[in-house]
Amino acid sequence: MADTANVEKDSIEVLPKGPTGAPRRRYRVYFLGGALLVVIVLGLALGLGLGLGLKNRNFNSGFASGSGNSTVTYNVTVPTADNFLLPDIRNDPPQVRYFSLVVSESYGAPDTFARPMLVVNGTYPGPTLLANQNDRLIITVYNQLPNVSTAIHWHGLYQNTTPFYDGTHGISQCGIPPGQSLVYNFTLNGWTGTTWYHSHYQTQYTDGVLGAIVINPSNATVDADGRPANNPPQPANPVQWDADFVVIIQDWYHTPSQAVLALYLGPNGPDGTAGDEPTPESGTINGQGQWYGGPYANFALQAGKTYRFRLINSGSLANVRFSIDDHPLTIVSADGVDTEPLEVAGVQIAVAQRYDVLVHTNQTTGGQWWMRGTVLTDMFTYSVNDAQYDHRAILSYPVADPSSSPQPGSADPGPGVAGLQDLSTTDWFSLVPAVRQTIPEPDFQYPLEISFSVYEDTNYYGYMNSTSWVPLEGESTLTLLSTSRFISALVNGPSIPQGQLIVTTTSVQTVDLLITNLDDGDHPFHLHGHRPWLLAAGDGRYAGQALNTTDTVLMRDTHVIAHFGYAVLRFVTDNPGMWAFHCHIAWHMGAGLLMQIASQPQVALSYGMPQEILAQCAG
Ligand SMILES: [Cu+2]
């Protein structure tokens, strides 16, 4: 979005040098490749739509199956039911759980529109990773993409003592090259709840590289390694439920993401106006949408039960709204943090946020109800033709597989309970944590401004205090800790070694980020490795407005910073590592809206670095 009033274009001097010492022209290269790609992809989509089949089509612009001689087929499937209706493993003993995730290109039509996709294990969404608090996760990620690296991030997980397994390209690793694999091996460190994994390499997750993660609390006294268990405090009156569902809701684009990003960064934007975010065409619920007809996912329930729906917005721009006709929702968790129950009509979820809601199957008439996953248009700056944002699934009881369905197009009757409202994405103080904590006083405060502007290369970038992030290639900030020149630059406070804006604390400190958003769009900001509190938010610049430091303030890993507004985030740097702090809108991160927190870099260095990650940095 085009707000340039407060940005000095000349102050941008931080683009890192490429291998030859010349300034990178990464985005310009993307744009040219992307324009070519748009043409190819449109051709492909048309070909599929007309049922022509395409042979011998060779792509070479990043997204491509170069295999030739293959007839295009629809390969992407919806994962099996137990990826959404979770088996109850809560009483399993602590154990090592092994997962295998294969990232590959495929073709799919999740909302009925056929397009090339990037997927995990051939399904969209990818498989759900289900574990208990004291388990160890050993996850082998295979990169079967033909000519681009990948990296998988476990959103929100702390990675305490294993920051090198955070899965963030350019920060915790260099990326898994094509044809190679990486074993991510970590414990949960007291993190429980609902989250997700996704590619943190370029914009790959927008094309489908994502899936759910659910971590149950545990009563075990030892962990999978035989060490004393690390069980976070649980609510005094824990909520009860009968079964768990994962519900992944997101916006969906009909063009591969690198082409979309190139249009966004280009001088004319996707619609003729620089800085207008790309408007998605569609959406999905658990991998299925109804852009042009199409089937509905069916949630077969039993009457008289309480279900826990674990809602994840895995999208790239849009807020989404979840509701169920004639059924109120009771929110019990936000980003994995237990909350005091809050009954709502619907819940509006920003990109990367999660909510767990309880639903009681207490209706006695009907038999089928719409579950609605609506892509909200409030973030869009222009409209696109043939868009469809009304996506649904069916919730049925007491008959699991009813012969009739609720009528398509029927108006939303609401939750069936008078007076209930939605939780919006900027209702910052409506949810109260179920386990109260005293919030510590800050050790230091760092003012931060978010803005966007056109750079001298005519492209459009996002800035955090006048730096626009470009990921390192062939190295990462975590691997650079072993070089004295880099780590010696990481003194307490901000620094910009090798073009990377980093705020450092060399000991455990409490940090306030005093954030002013000069842009006309909202930004869901995510801090890796930590769960910040949001102590204040409102209109205009931050200029010393009062902070709410009572124990009713919720900590969560993704907070919305409102347009032309301010927010104060507080966190404790008790997790050594290099951690991204970035807007989770895929286009904004692609435009450079990312900085890093160095928590105790000397301690992070002492953890060492897996040899295979170093080898992958070397190429
Ligand atoms: Cu943003």
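The values are calculated or read from the model by the stated rules, or taken from the named source; none is laboratory data. Quantities reported herein were computed from a predicted structural model and do not represent experimental measurements. Cβ sites come from the backbone with ideal geometry, for glycine too, and all protein chains shown count toward neighbours. Side chains included, ligands, DNA and RNA excluded: accessible areas come from the protein's heavy atoms. Shrake-Rupley method; radii C 1.70, N 1.55, O 1.52, S 1.80 Å.
Worth a mention:
Conditions tested, residue by residue: (1) without any contact (Cβ under 8 Å) to a residue 40 or more places away in the chain; (2) open to solvent by 50 Å² or more (accessible area, probe 1.4 Å); (3) in contact with a Leu (Cβ under 8 Å, 6 or more places away or on another chain).
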{"site": "P233", "(1), (2), (3)": "no, yes, no"}
{"site": "V247", "(1), (2), (3)": "no, no, yes"}
{"site": "L261", "(1), (2), (3)": "no, no, no"}
{"site": "G269", "(1), (2), (3)": "no, no, yes"}
{"site": "T273", "(1), (2), (3)": "no, yes, no"}
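- Filtered residues of region 114-136 (kept if assigned to a strand (DSSP E or B) and more than 20 Å from the chain's Cα centre (by Cα)): R115, P116, N132, R136
- Subset of region 275-289 [open to solvent by less than 10 Å² (accessible area, probe 1.4 Å) and not small (G, A, S)]: E277, P278, T279, P280, T284, I285, N286
- In this structure, L513 qualifies as within 16 Å of the ligand (Cβ to nearest atom) and modelled with pLDDT of 95 or more.
- Number of the condition not met by D519 [criteria: (1) in contact (Cβ under 8 Å) with a residue 40 or more places away in the chain; (2) more than 16 Å from the ligand (Cβ to nearest atom); (3) not in a strand (DSSP E or B)]: (2)
- Criterion (away from the ligand (no atom under 16 Å from the Cβ) and modelled with pLDDT of 95 or more) met by exactly one of I502, I561: I502
- Selection within region 167-183 - open to solvent by less than 10 Å² (accessible area, probe 1.4 Å) and not in a loop (DSSP other than H, G, I, E, B): H169, Q173, I176, L182
- Considering only residues in region 434-469 that are assigned to a loop (DSSP other than H, G, I, E, B) and within 16 Å of the ligand (Cβ to nearest atom), the one that is surrounded by the most Cβ atoms within 10 Å (Cβ to Cβ) turns out to be W469.
- Filtered by the rule that a residue be closer than 19 Å to A393 by Cβ, surrounded by fewer than 24 Cβ atoms within 10 Å (Cβ to Cβ) and touching an Asp or Glu at 6+ places or on another chain (Cβ under 8 Å), region 324-343 gives D325, P328.
- Among the residues of region 186-210, those identified as assigned to a strand (DSSP E or B) and either within 10 Å of the chain's Cα centre (by Cα) or among the charged types (D, E, K, R) (or both) are T195, W196, Y197, H198, S199, L210.
- Listed conditions (1) under 21 Å from the mean Cα position of the chain (by Cα); (2) open to solvent by 10 Å² or more (accessible area, probe 1.4 Å) are all met by Q388, apart from (1).
- Extreme residue, nearest to the chain's Cα centre (by Cα), among residues of region 395-443 that are at pLDDT 95 or above and acidic (D, E): D427
- For region 491-509, a tally of residues being touching a strand residue (DSSP E or B) at 6+ places or on another chain (Cβ under 7 Å) and either assigned to a loop (DSSP other than H, G, I, E, B) or open to solvent by 10 Å² or more (accessible area, probe 1.4 Å) (or both) returns 9.
- Test set (1) open to solvent by 10 Å² or more (accessible area, probe 1.4 Å); (2) within 16 Å of the ligand (Cβ to nearest atom) - H582 fails condition number: (1)
- Taken together, A543, A536 contain a single residue that is open to solvent by 10 Å² or more (accessible area, probe 1.4 Å), without any contact (Cβ under 8 Å) to a residue 60 or more places away in the chain, more than 16 Å from the ligand (Cβ to nearest atom) and out of contact with any Pro (no Cβ under 7 Å at 6 or more places or on another chain), which is A543.
- Residue match in region 590-613 (condition: open to solvent by 10 Å² or more (accessible area, probe 1.4 Å) and within 16 Å of the ligand (Cβ to nearest atom)): yes
- Listed here are the strands (runs of 3 or more DSSP E) enclosed by region 547-619 that have at least 1 residues being in contact with a Cys (Cβ under 9 Å, 6 or more places away or on another chain): 558-561, 594-599.
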